[in-house]
Amino acid sequence: MKDLINENLHGLQEEKGIKILFACESGSRAWGFHSPDSDYDVRFVYRHPKQWYLGIEDRKDFIELPINAELDISGFDIRKLLKLFWSSNPTIFEWIQSPVIYRQEDFFINGLRALVKDYFSPKVGMHHYIGLTKNTFENFLQGEALKLKKYFYALRPILAARWIAERGSYPPMQFSDLRPLIADRLINEKIDYLLELKATVGEGYLIKPDPDLHAFISTELESCAAHASGLSRKESDPSALNVLFQKTIGIE
């Protein structure tokens, strides 16, 4: 599959006349709880030749390939990505710490990673992860038969929110790195069981609701929301990102 992914990325470079600066896995295969039939969620950052950025007209700043059962590939132009980074978009911070990397230009990605502390906003991060958990909990974890994977789509982000509340820093991407935040033995045992099960069943596998996990998620939502309400939004100067942008596209 890695060869197929790299073939697609190479084809995009040739067809679009772009340079891919970074490409990684962004979904359950990077989070650490994929199923045997999980697709590959590939996200990438690219740049055009510098002349492309000098016109006054608006231009398309993202690329999406048709999604199929195995592959979901899409990417952002460097300027779009850096704007999202400036606004402390948590998804971008996840991409650059993905454990599965397909392509990487060291100058660009190391420069971006070095700026995380300057642009990470705890308030933005907490609201993002609380929102993900709340949406999953209210819309996908109700009823008598639930998709197993939805428990992890609620647990990972609420643990990320708790990480921010307790440490004030950007949370790790992988679920295993967030697990130490859970002290309750019963909850950990239930999660261990679901992880083992998910590794053997399909994406659509259904289970009965677990009252203990529901109570845990609900309590964490309430606690994290209370903490987030007391935070102030962090304002950041884009100068360092402008420098990185200009050097990466060849304008100095």
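The values are calculated or read from the model by the stated rules, or taken from the named source; none is laboratory data. Values in this document were obtained by computation on a predicted structure and should not be read as measured data. Because the Cβ atoms are built from the backbone with ideal geometry, glycine has one as well, and the counts that use them run over all protein chains shown. Each accessible area value is taken on the protein alone, full model and side chains, heavy atoms only, with ligands, DNA and RNA left out. Shrake-Rupley method; radii C 1.70, N 1.55, O 1.52, S 1.80 Å.
Name the residue from ILE20, ASN110, THR136 whose Cα lies farthest towards the positive end of the charge dipole of the chain, charges +1 on Cβ of Lys and Arg and -1 on Cβ of Asp and Glu.
Looking along the dipole axis, the top candidate is ASN110.
Which ³J(HN,Hα) values, rounded to whole Hz and listed in residue order, are derived for region 88-99 from phi using the Karplus coefficients 6.51, -1.76 and 1.60 in 6.51 cos²θ - 1.76 cosθ + 1.60 with θ = phi - 60°, glycine and proline given as x?
Karplus values, whole Hz, x for Gly and Pro: 6, 5, x, 4, 5, 5, 5, 3, 6, 10, 4, x.
Net charge near GLU189: determine it from the other residues with C-beta under 13 Å of the C-beta of GLU189, scoring Lys and Arg +1 and Asp and Glu -1.
Numbers: positive: ARG179, ARG185, LYS190; negative: ASP184, ASP192, GLU196, ASP210, ASP212.
So the environment of GLU189 carries a net charge of -2.
A 21 angstrom limit on the alpha carbon distance is what I want to check against. Which of LYS2/LYS83; LYS134/LYS208; LYS149/LYS190; LYS19/LYS234; LYS83/LYS134 exceed it? Write down the numbers at each step before the final one.
Working: LYS2/LYS83 29 Å; LYS134/LYS208 19 Å; LYS149/LYS190 14 Å; LYS19/LYS234 32 Å; LYS83/LYS134 26 Å.
Beyond 21 Å between Cα atoms: LYS2/LYS83; LYS19/LYS234; LYS83/LYS134.
Can you give me the relative contact order of region 53-156 as a percent, contacts being Cα pairs under 8 Å and 6 or more apart? Intermediate results must be reported in sequence, preceding the final value.
On the way: 56 pairs, mean separation 17.9, N = 104.
The normalised contact order for region 53-156 reaches 17 percent.
Estimate the FRET efficiency between GLN104 and LEU197 by the formula 1/(1 + (r/R0)^6), using the beta-carbon distance for r and 35 Å for R0, to the nearest 0.05. Please list the in-between numbers first.
Values: r = 34 Å, r/R0 = 0.97.
Step by step, r from the Cβ atoms, then E = 0.55.
Once phi is turned into θ = phi - 60°, what whole-Hz ³J(HN,Hα) does the Karplus curve with 6.51, -1.76 and 1.60 give for every residue of region 103-119, x standing for Gly and Pro?
8, 7, 9, 4, 4, 5, 6, 5, x, 5, 4, 5, 9, 4, 4, 6, 10
Hey, any idea what % of the chain's accessible area is carbon plus sulfur with a 1.4 Å probe?
Carbon plus sulfur share of accessible area: 50 percent.
Would you work out the charge dipole size for region 117-252 about its Cα centre, treating the Cβ of every Lys and Arg as +1 and the Cβ of every Asp and Glu as -1, and quote it to the nearest 20 debye? Don't skip to the end; give the middle numbers.
On the way: 17 positive and 17 negative charges, 30 e Å.
For this selection, approximately 140 debye.
Would you mind checking which residues have amide H under 5 Å from LEU71's amide H? H placed 1.01 Å from N; only 5 or more apart, or other chain.
Placed amide hydrogens put TYR40 under 5 Å from LEU71.
Over region 125-252, average the accessible area per residue using a 1.4 Å probe and give it in Å², no decimals. Intermediate results must be reported in sequence, preceding the final value.
Numbers: 6560 Å² over 128 residues.
Accessible area per residue, region 125-252: 51 Å².
Which whole-number percentage describes the relative contact order of region 1-117, with Cα contacts under 8 Å and a sequence gap of 6 or more?
Averaging sequence separation for qualifying contacts and normalising by length gives 31 percent for region 1-117.
Only helical DSSP H runs with n ≥ 4 go in: add -39500 (n - 2.57) per run for the chain, normalise by residue count and round the 222 nm mean residue ellipticity to 500 deg cm²/dmol. Kindly include the intermediate steps, with their values, before the conclusion.
Numbers: 12 runs with 132 residues, N = 252.
Helix contribution divided over all residues of the chain: -16000 deg cm²/dmol.
Under unit Cβ charges (Lys, Arg +1; Asp, Glu -1), what dipole magnitude, rounded to 20 debye, does the chain have relative to its Cα centre?
On the way: 31 positive and 35 negative charges, 131 e Å.
Value, rounded to 20: 620 debye.
So how do 210-221, 19-30 stack up, highest first, on mean other-Cβ count within 10 Å?
Working: 210-221: 16.1, 19-30: 21.1.
Those peptides, ordered most packed to least, come out 19-30, 210-221.
In whole angstrom, and with the biggest value first, how far do the Cα coordinates of region 179-250 range along each principal axis?
Principal-axis extents of region 179-250 (Cα, largest first): 53, 35, 22 Å.
Along the charge dipole of region 1-102, pointing to its positive end and built from +1/-1 on Cβ of Lys, Arg, Asp and Glu, which listed residue (THR91, PHE33, LEU81) has its Cα farthest out?
Toward the positive end, the furthest listed residue is LEU81.
Which ³J(HN,Hα) values in Hz, rounded to whole numbers, follow from the phi angles of region 233-242 under the Karplus curve 6.51 cos²θ - 1.76 cosθ + 1.60, where θ = phi - 60° and Gly and Pro get x?
Result, ordered by residue: 6, 8, 9, 10, 7, x, 4, 5, 6, 4 Hz.
Evaluate the Debye formula for region 47-166 with equal point scatterers sitting on the alpha carbons, no solvent, and hand back log10 of I(q)/I(0) at q = 0.14, 0.16, 0.18 Å⁻¹, in q order, two decimals.
-0.81, -1.01, -1.17
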